[in-house]
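Working notes, beginning with the structure itself.
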Amino acid sequence: PALDVTSRPKLERRWLRPQPNPSDMLDDWMRRFQMGQRSQYRFGHAFTDWWDKYGKDHPEYFAVPPANGKHKQPYPKPDRVKLNIGNPDVTDRIIEEWKEAGKPDNWNVTPNDSAGYCTSAESCGLDLPDVFKAEDIWNSKAPLTRRYIRFWNQLITKMRVFNPNVTISTYAYQVYRNLPPEPVKLEPGIAVGMIHGYTSDDRWKAWRAAGALMFLRPNWWHVGGSAPHLPLRYAGNHFKMAADNGMVGFDFDSITGFWGTQGINYYLIARLSARPDLSVDDVIAEWVKGFGPAGPAIQEYLDYWEAYTVKCAFPQERDHSQDPNGLYETTAIKIGVYPRSPLGGSYILMPYLYTDEVVNPALAILRKAGAAAKSSPVHAKRVKFVRESMGLFLQQREVVRLLEPKTRKPGESTEDLKKAITKWRGMRDEFTATFGKLYGGEAVPEPLKKLAEDLGDF
């Protein structure tokens, strides 16, 4: 029958960040899943320009280093410097900037990223009854959530005098990720973007119980490098839990472009956001159905990598262990890599975690999938897409292996590394020509750029 339906997605913000240069193809994909927003809430590091604006005339606005003289501002760099949030002048300056902007209904006050937290008596007074060593505070080794909740509560209370409808936005991240053990309450109107792992259901529920407006802002897709890292049920079930427990919106950083090895990660979250009535297994079944007669083998392939992903137990954030006995952390400690930094560590560990012994059974499953799809050109091309993505990943693994002298074989040199990079680029260009261009620019992962910066031309 004829229908006339007007509707809108339940979530105010629905965003999967594309990077680095999305193509029309990716824009179309995003629109199909109703990515977009109608939200007033804004997030992101809010004080990245404060040092340039106020550092010279108002050094008292900024975090006070420990008294040992080892540290100087701006630390670690001007756009990451922290504030002396115990100083009332800082609160007043934030409010003045908000007034100058017209006293909007939402104001972003998310702290800058990384280390260098304030050790002043005023800021430490916000920690009481907790008392921490100055070096631990400065080096991000002390839990400072109590400090920041008091600061946010004071700030929004003062702002409400001028606009009763005002809200503020911030992240729950790093040293202000976990709530203190005793119950705490946030003033109404504080929107919190949770940057955390997919095994943190209790943390999410605790922040909601404290009164936060909840936004999901994960970095999950930076974990695992370009490998088939597929925490499907962990991630999908956590997303559904969040949606059932007060989630107002989400902002994922980022669609990193590994469609052949990790594309189902992107599809799973996009589909659950558009169709919250579906289960995680429903969405996986949809993906598998897309491979036609090869579907059963593709299901076996996904199950294989999901089980291995659980076994690896990559940390989901820096200093946020999933399992200290998992393959990632035990391997990282064994080879001397800082184990809880999964962004760069995921690449460094690829030759150790994704050995031929691990990869070959998965490739055998893909051969079985290819044979099953032989009579159907459309489905055969989809299997080929996955298979050739694995080949591209394995060549990138080879680049990483040759980057590290410890994993080079006798007689291998930087020249072999340069040849491996050239081969990898050629494979990538051929892959793009065959399957289409999802990105407008050259997507070289930032951790790999840093690992190879001494080569000059990566």
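Of all the helices (runs of 4 or more DSSP H) wholly in the range 21-104, which have at least 1 residues that are among the aliphatic types (A, V, I, L, M) and buried (at least 17 other Cβ atoms within 10 Å of the Cβ)?
24-32, 88-100
Working carefully through the options 343, 366, 353, find the one that is open to solvent by less than 10 Å² (accessible area, probe 1.4 Å), of a type in the set (A, V, I, L, M, F, W, C), closer than 27 Å to residue 409 by Cα and in contact (Cβ under 8 Å) with a residue 24 or more places away in the chain.
Unique residue meeting the criteria: 353.
Are any residues in the range 430-453 open to solvent by 60 Å² or more (accessible area, probe 1.4 Å) and either among the aromatic types (Phe, Trp, Tyr) or modelled with pLDDT under 65 (or both), and if so, which ones?
Within the range 430-453, 442, 446, 449, 450, 451, 453 meet the criteria.
Based on this model, can you work out whether residue 214 counts as in contact (Cβ under 8 Å) with a residue 12 or more places away in the chain and out of contact with any Asp or Glu (no Cβ under 8 Å at 6 or more places or on another chain)?
Yes.
In the range 234-246, which residue that is farther than 15 Å from residue 316 by Cα, not polar (S, T, N, Q) and not in a loop (DSSP other than H, G, I, E, B) is least open to solvent (accessible area, probe 1.4 Å)?
It comes out as 242.
Just a yes or no: is a residue in the range 395-402 loosely packed, with under 15 Cβ neighbours inside 10 Å, closer than 30 Å to residue 329 by Cα and at pLDDT 95 or above?
Checking the range 395-402: not a single residue is loosely packed, with under 15 Cβ neighbours inside 10 Å, closer than 30 Å to residue 329 by Cα and at pLDDT 95 or above.
Being at pLDDT below 95, buried (at least 20 other Cβ atoms within 10 Å of the Cβ) and closer than 30 Å to residue 320 by Cα, is that true of even one residue in the range 403-413?
Scanning the range 403-413, I find at least one residue that is at pLDDT below 95, buried (at least 20 other Cβ atoms within 10 Å of the Cβ) and closer than 30 Å to residue 320 by Cα, so the answer is yes.
Within the bounds of the range 327-346, is there any residue that is charged (D, E, K, R) and within 18 Å of the chain's Cα centre (by Cα)?
Yes, the range 327-346 contains a residue that is charged (D, E, K, R) and within 18 Å of the chain's Cα centre (by Cα).
Based on what the data block shows, is residue 317 at pLDDT below 95, surrounded by 17 or more Cβ atoms within 10 Å (Cβ to Cβ) and under 30 Å from residue 173 (Cα atoms)?
Yes, satisfied.
From 297, 307, 332, which residue is surrounded by 17 or more Cβ atoms within 10 Å (Cβ to Cβ), more than 30 Å from residue 172 (Cβ to Cβ) and of a type in the set (A, V, I, L, M)?
Just one listed residue meets the conditions, 297.
Filtering the range 275-326 down to residues that are in a loop (DSSP other than H, G, I, E, B) and among the hydrophobic types (A, V, I, L, M, F, W, C), which residue is nearest to residue 221 (Cα to Cα)?
Ranking the candidates gives 314 first.
With in contact with a Gly (Cβ under 6 Å, 6 or more places away or on another chain) and open to solvent by 40 Å² or more (accessible area, probe 1.4 Å) as the only criterion, which of 185, 205 stands out?
185
Name the residues in the range 390-422 that are under 26 Å from the mean Cα position of the chain (by Cα) and more than 21 Å from residue 363 (Cβ to Cβ), would you?
Answer for the range 390-422, where residues must be under 26 Å from the mean Cα position of the chain (by Cα) and more than 21 Å from residue 363 (Cβ to Cβ): 403, 404.
Taking the condition closer than 21 Å to residue 74 by Cα and modelled with pLDDT under 95, does residue 123 pass?
So residue 123 does not fit the description; no.
I need the full set of residues from the range 1-16 which are outside any loop (DSSP other than H, G, I, E, B) and open to solvent by 70 Å² or more (accessible area, probe 1.4 Å), in order please.
Passing the criteria: only 15.
Considering only residues of the range 418-429 that are modelled with pLDDT of 90 or more and either of a type in the set (A, V, I, L, M, F, W, C) or more than 20 Å from residue 405 (Cα to Cα) (or both), which is surrounded by the fewest Cβ atoms within 10 Å (Cβ to Cβ)?
As a first pass, look at the range 418-429 and keep what is modelled with pLDDT of 90 or more: 418-427.
Of the ones still in play, those that are also either of a type in the set (A, V, I, L, M, F, W, C) or more than 20 Å from residue 405 (Cα to Cα) (or both) are 420-421, 424-427.
Details: 420: 20, 421: 22, 424: 20, 425: 15, 426: 11, 427: 16.
Filtering first and then ranking leaves 426.
Filter the range 247-288 for residues that are in contact with a strand residue (DSSP E or B) (Cβ under 8 Å, 6 or more places away or on another chain) and of a type in the set (D, E, K, R); which is least open to solvent (accessible area, probe 1.4 Å)?
251
Determine which single condition residue 167 fails, assuming it passes every other condition in (1) more than 30 Å from residue 302 (Cα to Cα); (2) open to solvent by 50 Å² or more (accessible area, probe 1.4 Å).
(2)
The values are calculated or read from the model by the stated rules, or taken from the named source; none is laboratory data. Since the structure is predicted, the reported quantities are computational estimates derived from the model, not experimental observations. Neighbour counts run over all protein chains shown; Cβ positions are idealised from the backbone, glycine included. Side chains are part of the model used for accessible areas, which takes the heavy atoms of the whole protein and leaves out ligands, DNA and RNA. Shrake-Rupley method; radii C 1.70, N 1.55, O 1.52, S 1.80 Å.
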